[in-house]
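Comments concern the structure below.
The values are calculated or read from the model by the stated rules, or taken from the named source; none is laboratory data. Source: prediction; values computed, not measured. Cβ coordinates were reconstructed from backbone atoms using ideal geometry, including for glycine residues, and neighbour counts include every protein chain displayed. Just so you know, the surface numbers come from the protein's heavy atoms only, side chains and all, with ligands and any DNA or RNA stripped out. Shrake-Rupley method; radii C 1.70, N 1.55, O 1.52, S 1.80 Å.
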Amino acid sequence: VQLQASGGGLVQAGGSLSLSCAASGRTSSSYAMGWFRQAPGKEREFVAAIGWSGGEVMYADSVKGRFFVSIDNAKNTVYLTMNNLKPEDTAVYYCASRQSIVPVATPRLYDYWGQGTQVTVSS
């Protein structure tokens with residue numbers, strides 16, 4: 001499975017961005033997708049995750065109410081809509097996929113990773 005993340009960029013605090021992650025090469029419809037981020041000098045942290053049906057979602061407390069994850073199975077694409085962005089949201093954002101229908105927050109439980117897209121929020 002190959003994952004291609006896109007949509008990052010530079011935005012002012014309070015602004016919005018939407019990230020996309022397109023998957024290819026998938027042979028199973030039983031999967032979950034996650035978004036993670038990594039700021040310079042920090043460990044990779046969980047942002048959001050969603051099951052393939054879209055019925056089960058989870059968010060990190062730091063983004064709850066501001067970020068929204070969604071999935072389009074027909075397009076094999078997962079989205080992360082980020083609103084009211086803050087400077088502390090600045091990081092490289094990664095999408096990941098796991099061969100299970102259960103979304104989780106633990107990076108090591110994901111099987112495939114995209115290349116990352118930079119999000120920079122200026123104050």
- Query: Any residue at all in the range 13-24 that is part of a loop (DSSP other than H, G, I, E, B), open to solvent by less than 70 Å² (accessible area, probe 1.4 Å), under 15 Å from TYR112 (Cβ atoms) and at pLDDT below 95?
  - Reply: no
- Task: Identify the residue in the range 1-12 that is of a type outside the set (Gly, Ala, Ser) and open to solvent by less than 50 Å² (accessible area, probe 1.4 Å) and, among all such residues, is modelled with the lowest pLDDT.
- Result: VAL1
- Message: I'd like to know if the range 29-45 contains one or more residues that are surrounded by fewer than 19 Cβ atoms within 10 Å (Cβ to Cβ), part of a loop (DSSP other than H, G, I, E, B), free of Cβ contacts under 8 Å to residues at least 60 places away in the same chain and charged (D, E, K, R).
- Response: yes
- Scanning for something open to solvent by 70 Å² or more (accessible area, probe 1.4 Å), over 18 Å from GLN2 (Cβ atoms), basic (Lys, Arg) and touching a helix residue (DSSP H, G or I) at 6+ places or on another chain (Cβ under 8 Å), does the range 63-70 turn up at least one residue? no
- Message: So the check is Cβ under 8 Å with 6+ separation or different chains; which pairs have a first residue in the range 68-92 that's touching a residue at least 12 places away in the same chain (Cβ under 8 Å) and assigned to a loop (DSSP other than H, G, I, E, B) and a second one that's among the charged types (D, E, K, R) and open to solvent by 40 Å² or more (accessible area, probe 1.4 Å)?
- Response: ASN76/ARG26
